[in-house]
Structures are given as C-alpha cells and as structure tokens.
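Inspection log for the structure reproduced underneath, given as structure tokens.
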Amino acid sequence: MNRIGFVLIVILFAILDLQAQIDFGQVEQQILDTYRILKKANLEQNPERQQIFSEKLKSQLMHVLLQEGSYYYPFLRLKQLIKIVESPDKRIRVFSWDAFCLGNGRTVCSIAQFRGARNESYFHVLSDGKERERDYKDVFIQEIYLLDTPSNDLYYLFLGKGSHGVGQEHTTLRIFSLEHNQLLECAHCFDSKTSYWSVEGSTQYPVELTYNARRKQIHYYQPTFNFKTGAREKGLHHQLFWKNGAFRSY
C-alpha cells in the first residue's frame with residue numbers, strides 16, 4: 001500500500017468516527033420532548049402513559065451519560081427543567097427530577113454521572129423514582145461537598161431535599177467515594193442504622209439544616225411530633241461533626 005492510499009484510509013476512518021459520534025444537542029431535545037410528555041401525562045392523570053415515559057426518560061438519560069464526551073456537555077436546556085449539580089472537583093454531577101407519580105406522594109429520580117480514571121463516563125442510580133420505594137433517598141440533590149480524612153481518602157457528601165406528601169419534607173445526606181470506576185456509598189459514615197442520614201420536617205417547621213464546609217459541621221433543628229395536638233414542632237438544635245471519616249454527634 002502506497003502512502004497516499006494509507007492517508008486516504010486514515011481520513012476515511014476519521015470521517016466514519018465523526019459520523020458515529022453522538023449528537024448531544026439532538027439527544028437533549030429528545031429527552032426534553034419525553035419530559036414534556038411525561039409532565040402532560042401527569043396532568044391528565046394517565047398512569048400507564050406516565051409509567052412508560054418515566055422509564056423512557058431514565059433510559060434516554062442513562063444512555064447518553066455513558067457516551068464518550070457526555071460529561072462535558074452542559075445540558076443547558078435540560079437544566080431549566082431538572083436539577084443538575086456538580087461536585088467542586090468536577091468529577092461528579094447529579095441529575096434530579098420529579099418522577100410525576102400519580103397520587104398524594106412525590107417521588108424523585110436521581111442519577112449521578114461521574115468520570116473514571118481515564119475520563120470515561122459512568123452513571124449510578126441514586127433513586128429510581130418508583131413509588132413503592134418509600135425510603136428517604138428520593139430527593140433533589142442540592143449540593144455536593146468534598147470531605148477528606150487523615151488517610152487522604154476523598155468522600156463526596158450529597159445533600160438533598162424531598163417530600164413524601166402534602167405539607168411534609170425531608171432532608172437527606174449520603175456519602176460516596178470513587179473507587180475502581182465505581183461510585184460507592186459509605187456504610188459507616190453516620191451514627192445510624194442506615195447508610196444515609198435523614199431528618200423529617202414540615203412546611204410549618206421546615207428542616208433548617210446548614211453545612212459548614214470549612215469546619216465540616218452539620219447544624220439542624222430536629223422537628224418533633226406533638227402527640228397531643230397532632231402537629232410538628234420546631235424541636236431542638238443538633239450538630240454533627242466530621243471526624244476520622246464519619247459524622248458523629250458529640
């Protein structure tokens with residue numbers, strides 16, 4: 001094979017590779033169309049259509065988040081409809097949106113996209129938005145903070161807010177680390193029986209939670225339930241401190 005023929009083959013493969021690359025703008029528009037259909041199905045109270053397009057939306061997003069270069073696509077139009085937040089070190093970003101499940105409750109879909117050791121794109125489902133999964137992980141992720149340890153391990157603190165009914169709300173904290181191209185949830189980072197930490201409140205007495213990133217301290221009021229009146233009250237002030245790889249109350 002002469003040199004000109006070799007160059008032509010290289011050019012041909014380069015063209016084919018460019019054609020094979022995904023059009024992120026087009027895919028973003030398809031996701032937007034699905035989201036609008038899903039929202040319309042919710043307004044029309046059509047559970048079958050809602051379920052179909054809820055699954056379609058998740059599938060579309062998971063597919064595009066695996067594509068090469070997708071992490072650097074900003075999804076600016078999609079960001080106007082769903083919550084997208086990114087970690088300070090630009091390694092993780094989370095997509096959260098209303099699953100529009102019919103009924104009194106509210107569920108949230110949440111998917112984390114992260115970059116691997118060689119900048120590959122991966123995703124991890126934080127909450128699939130199914131109504132039957134009534135834990136406190138179905139939240140809109142609001143912030144992502146970095147946590148370090150004396151052994152130089154790096155953790156990511158996810159802070160999210162959600163609601164399971166009219167007048168109710170909850171704030172949930174979850175902690176993850178990136179290891180071997182996986183997003184792993186810490187099972188021992190809170191004083192609780194679960195891998196996550198959550199506090200419930202109401203619209204009258206919301207969860208007034210703040211996080212001091214410099215001191216790595218969580219401050220919040222734990223609303224209490226008054227069995228005599230059947231109402232929540234503001235409750236007491238609590239603090240959690242990050243020490244030796246875990247949040248502890250002292």
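The values are calculated or read from the model by the stated rules, or taken from the named source; none is laboratory data. Quick caveat: nothing in here was measured; it's all calculated off a predicted structure. Please note: Cβ atoms are built from the backbone with ideal geometry, for glycine as well, and neighbour counts cover all protein chains shown. Accessible surface is based on the protein model in full, side chains and every heavy atom, while ligands, DNA and RNA are left aside. Shrake-Rupley method; radii C 1.70, N 1.55, O 1.52, S 1.80 Å.
Side notes on the structure shown:
- Looking across segment 206-228 at every residue that is open to solvent by 70 Å² or more (accessible area, probe 1.4 Å) and at pLDDT below 75, the one that is farthest from residue 157 (Cα to Cα) is identified as 227.
- Cβ separations smaller than 6 Å between residues 6+ apart or across chains give the following pairs from segment 159-176 residues that are over 16 Å from residue 189 (Cβ atoms) to residues that are open to solvent by less than 20 Å² (accessible area, probe 1.4 Å) and hydroxyl-bearing (Ser, Thr, Tyr): 161/171; 167/202; 168/202.
- For first residues located in segment 35-50 and within 17 Å of residue 96 (Cα to Cα), partners that are open to solvent by 60 Å² or more (accessible area, probe 1.4 Å) and assigned to a loop (DSSP other than H, G, I, E, B) and lie 6+ apart or on another chain with Cβ distances below 7 Å form the pairs 35/81.
- Residues satisfying the stated conditions in segment 72-102, i.e. at positive phi and open to solvent by 60 Å² or more (accessible area, probe 1.4 Å): 90
- Taken over segment 59-71, residues that are under 20 Å from residue 139 (Cα atoms) and open to solvent by 20 Å² or more (accessible area, probe 1.4 Å) amount to 2.
- Looking only at segment 133-161, and only at residues there that are of a type in the set (A, V, I, L, M, F, W, C) and either open to solvent by less than 20 Å² (accessible area, probe 1.4 Å) or on the phi > 0 side of the Ramachandran plot (or both), the one that is modelled with the lowest pLDDT: 139
- Listed by position, the strands (runs of 3 or more DSSP E) contained in segment 52-125 that have at least 1 residues being more than 24 Å from residue 146 (Cα to Cα) are 92-98.
- Selection of segment 167-205 for residues being surrounded by fewer than 16 Cβ atoms within 10 Å (Cβ to Cβ) and among the aliphatic types (A, V, I, L, M) yields 184, 187.
- Failed criterion for residue 164 (all others in (1) open to solvent by 50 Å² or more (accessible area, probe 1.4 Å); (2) of a type outside the set (D, E, K, R); (3) outside any strand (DSSP E or B); (4) over 15 Å from residue 195 (Cβ atoms) hold): (1)
- The residues of segment 18-51 that are of a type in the set (S, T, N, Q) and part of a helix (DSSP H, G or I), listed by number, are 19, 26, 29, 30, 34, 42, 50, 51.
- Hits in segment 136-158 - residues which are in contact (Cβ under 8 Å) with a residue 12 or more places away in the chain and either of a type in the set (D, E, K, R) or not in a strand (DSSP E or B) (or both): 136, 137, 138, 139, 143, 149, 150, 151, 153
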